[in-house]
1. Going by the alpha-carbon gyration tensor, a ≥ b ≥ c the square roots of its eigenvalues, is the chain rounded (a/c under 1.5) or, if a/c is not under 1.5, prolate (a/b greater than b/c) versus oblate?
2. Under a plain spin-label model, where a point goes 7 Å from the Cα along Cα-to-Cβ, how far apart in nm are D57 and D289?
3. Given H placed on each backbone N at 1.01 Å, which residues far from G190 in sequence or on other chains put an amide H within less than 5 Å of it?
4. Scan around L36 for amide H atoms under 5 Å from its own, H built in the peptide plane at 1.01 Å from N, and keep only partners 5 or more places away or cross-chain.
5. Which ³J(HN,Hα) values, rounded to whole Hz and listed in residue order, are derived for the stretch 527-543 from phi using the Karplus coefficients 6.51, -1.76 and 1.60 in 6.51 cos²θ - 1.76 cosθ + 1.60 with θ = phi - 60°, glycine and proline given as x?
6. Kindly write out, for the stretch 187-200 in residue order, the coupling ³J(HN,Hα) from the Karplus curve 6.51 cos²θ - 1.76 cosθ + 1.60 (θ = phi - 60°), rounded to whole Hz, with x marking Gly and Pro.
7. Where a ≥ b ≥ c are the square roots of the eigenvalues of the C-alpha gyration tensor, would you call the stretch 300-398 rounded, which needs a/c under 1.5, or, failing that, prolate if a/b is larger than b/c, or oblate?
8. Please list, ordered by chain and number, the residues whose modelled amide H lies under 5 Å from the amide H of T465; skip anything fewer than 5 residues away on the same chain.
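Readers should treat all values here as calculations from the given coordinates under stated rules, not as data from a laboratory. Quantities reported herein were computed from a predicted structural model and do not represent experimental measurements. Note that each Cβ is placed from the backbone with ideal geometry, even for glycine, and that neighbours are counted across all protein chains shown.
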Amino acid sequence: QARAQEGGSAFSFTEVEAGVDETHHVAEGYDADVLLRWGDAVLPDAPAFDPANQTADAQAKQFGYNNDYVGYIPLDGSDEHGLLVVNHEYTNPHLMFPGLVTIVEGEMTMNSLTKEQVDVELMAHGGTIVEIRKVDGKWQVVPDGQYNRRITAMTEMELTGPAAGHDRLKTNADQTGTKVLGTLNNCAGGVTPWGTYIMAEENFHGYFSGELTEDHPEFANYDRLGVPEGSYEWANFHDRFDIAKEPNEPNRFGYIVEVDPMDPTSVPKKRTALGRFKHEGAESIVNKDGRVVFYLGDDERFDYVYKFVTAGTYNPDDRAANMDLLDEGTLYVARFDESGSVEWMPLVHGEGPLTQENGFESQADIVIETRRAADLLGATKMDRPEDIEPNGTNGKVYVMLTNNTRREAEQVDAANPRAENAFGHIIEIAEADGDFAATTGTWEVLLQCGDPSVAEVGATFSTDTTVNGWFGMPDNCAIDSDGRLWVSTDGNNPSATGRTDGLWAVDTEGAARGTSKLFFRVPVGAEMCGPVFTPNAETLFLAVQHPGDGGDDWEGFGRVSYYEDPSTRWPDFDDSLPVRPSVVVVTRQGGGKIAV
Ligand code: FEO
Ligand code: CA
Ligand code: CA
Ligand code: CA
């Protein structure tokens with residue numbers, strides 16, 4: 001393998017310069033083309049994007065807002081023709097709707113949303129499934145693709161697994177406790193070995209308003225999850241988001257959702273067996289015994305790392321036989337010990353403290369209140385677990401821990417080694433005997449993130465890492481076909497660090513371990529999401545999320561960013577169009593694998 005002149009990295013591409021401006025930057029010798037923007041047609045009868053007059057009906061057929069997870073599902077095994085599956089995590093009304101914001105003495109005030117605007121928000125959430133194809137060297141959307149589909153906050157879904165049909169999941173609209181409308185705040189996700197699309201419901205607490213009295217049976221459950229947070233105005237028009245009117249509705253969110261993309265009429269399944277918390281993602285690997293192991297992060301300060309091991313085994317010759325594997329299996333939570341071992345503790349009703357005496361009548365209660373069950377087992381309180389990626393090439397597992405500025409000195413432990421952890425870290429797990437289903441393993445910190453030139457930050461990037469190569473706030477990650485780690489970030493603040501978020505290539509092996517290089521950076525205000533490679537690693541899909549949100553104190557801007565006056569008009573740079581979250585596709589000029 002060619003080694004770089006600069007930096008001793010095993011990657012020889014020319015590093016992007018860290019910084020901030022209105023647009024994206026990719027390493028020299030690569031093309032980064034915008035493939036899909038908020039408002040682009042997904043269904044063949046979608047109307048043209050008309051942002052000043054956006055309607056819920058139009059949005060339901062167009063690409064949604066704030067693309068986060070991106071997955072690629074090959075059609076007929078192709079690296080040049082497949083389905084792109086994309087999560088739409090949340091909405092930014094101040095950047096989506098004209099006339100919403102007024103600025104008085106530099107302070108932004110926002111009008112209340114109309115019902116139509118709230119309904120646009122509902123339709124801009126969820127996910128997109130869209131057929132894409134490489135034609136004459138360039139990827140494009142297949143406009144009339146038979147699999148093209150929008151999933152929204154109104155799409156009917158089925159609750160399956162241990163909590164399905166439980167009284168705590170029943171509402172006025174659904175006396176069966178099995179039918180729920182929509183999915184919320186789908187952050188990262190996954191594609192299963194059998195080609196289904198996983199959406200992880202993360203910060204669902206924000207959509208609920210209203211109040212429960214402290215003696216309500218769900219009060220403590222909701223309190224542990226921050227329900228209701230009331231950061232959306234949906235309860236003004238939809239009673240189910242008001243917990244005083246519909247107290248069980250929040251128990252129907254916070255799950256791993258599985259979608260069969262090969263049948264656009266399929267009903268997405270909320271797989272309650274994988275627990276209910278602020279699910280970041282669910283990346284998986286087929287274990288050597290055929291069981292499938294899903295790694296799950298609960299993105300909150302002081303919450304936990306989980307994994308789910310299916311009871312059944314994956315059948316590569318019979319797709320249908322795999323379709324309900326996620327309904328039976330064992331959910332584990334991690335305890336990272338000072339000795340460098342990790343213990344995966346089963347969350348099984350009747351075992352240890354998970355009994356009736358502690359308020360768990362059955363496995364349904366365990367999965368509905370996963371956090372409380374994990375609290376009782378003494379799991380390790382982590383610095384915001386985000387994406388977790390098993391690496392089939394080296395047998396390791398990579399855990400992104402984004403930050404936790406609230407960790408105090410006396411709360412520091414070996415797996416969360418810094419107080420006021422502003423920049424996050426990455427843990428590498430080696431499961432015992434390379435068995436991903438094992439209940440023990442070992443771990444070490446791969447990287448403590450942040451600026452290595454500031455001693456008190458305590459960053460541990462290799463000395464070969466350049467001034468552009470360090471990063472903070474690891475969030476999503478991807479492993480390419482050669483087992484190399486790529487990390488994308490959320491929260492690098494240009495005014496504090498002089499750099500936006502981006503995608504970094506990180507060495508994990510040999511002398512270069514801990515060396516990082518900047519490959520791509522986002523426009524001002526954006527977060528970098530969704531890195532995923534095609535199986536041949538010749539195409540990289542990236543999601544630029546919430547461009548133009550913030551950047552307020554960016555030197556070249558210096559004011560509040562909103563619809564009429566955004567900090568960037570990426571990607572169109574057309575004064576008649578708002579800034580738009582978009583998926584970008586990266587290829588190497590002249591072809592070949594992305595990683596060089
Ligand atoms: Fe939506 Fe945990 O990032
Ligand atoms: Ca994330
Ligand atoms: Ca990932
Ligand atoms: Ca994040």
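1. The shape class here is rounded.
2. A separation of 5.5 nm, rounded to one decimal place.
3. Amide H neighbours of G190, under 5 Å, 5+ apart: I198, A282.
4. V583
5. So the Karplus estimates, Gly and Pro as x, are 10, 9, 10, x, x, 8, 9, 5, x, 7, 6, 8, 10, 10, 9, 10, 10 Hz.
6. 8, 7, x, x, 10, 6, x, 9, x, 9, 9, 9, 10, 9
7. Because a/c hits 1.5 or more and a/b fails to exceed b/c, the stretch 300-398 counts as oblate.
8. S516
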